[in-house]
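S.K.: If you scroll down you'll find the structure; I have some questions about it.
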Amino acid sequence: MIKNILKFFFIFDLLVLVISFIFDNYIWFINIQVSSFSMICISIASFLGYKRDIYKKLGKSNIDDNIYNDDKISKSKNSIKNLKMFSSSFISIYRVIGYLILIIGFFILRNSNILDIYSYFIGFIIVSLSMLCTMFISTKNSKNI
């Protein structure tokens, strides 16, 4: 799954590279690279964290039983226990590093007077499109099986 996300990410990134060189706009390219690199780090860290927690929770038991138990857990009032169980998913050192890269990159671009907010947001869109394409292709392939 991560390989497919990275494959689409690099395709979109190559497209951005070509467009930025055609229009001779290196500022646009730098902004997109900073934001998309940090977002891809955050996204992959989130994916790996949730995947690890799901495998830890499932263990060696039956998936159907766990889905049923998940419904019971989500309806229960034991939210502190659920928070502890999945806290490692959203408090990951890799996600923190990704967010630090995002924030530090933003301030470096702003202090260097090369921040273009529109191209900075386009970097977020590139990562989202990469994930959307990956989900679309994987869903299409799973229906064919």
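S.K.: What does the charge add up to near M1, with Lys and Arg as +1, Asp and Glu as -1, over the other residues with Cβ less than 12 Å from its Cβ?
M.R.: Residues close to M1 contribute a combined charge of +3.
S.K.: Which ³J(HN,Hα) values, rounded to whole Hz and listed in residue order, are derived for segment 40-54 from phi using the Karplus coefficients 6.51, -1.76 and 1.60 in 6.51 cos²θ - 1.76 cosθ + 1.60 with θ = phi - 60°, glycine and proline given as x?
M.R.: Each residue's phi maps through the Karplus curve to give 5, 5, 5, 5, 5, 5, 5, 4, 5, x, 5, 4, 4, 5, 5 Hz.
S.K.: Oh, and also: Work through the residues other than S20 whose Cβ is under 14 Å from its Cβ and net out their charges, Lys, Arg +1 and Asp, Glu -1.
M.R.: -3
The numbers here are math on the coordinates, done by the rules we state, and not lab data. Given the structure is predicted, the values throughout are model-derived calculations rather than measurements. Virtual Cβ from ideal backbone geometry, glycine too; neighbours counted across all protein chains shown.
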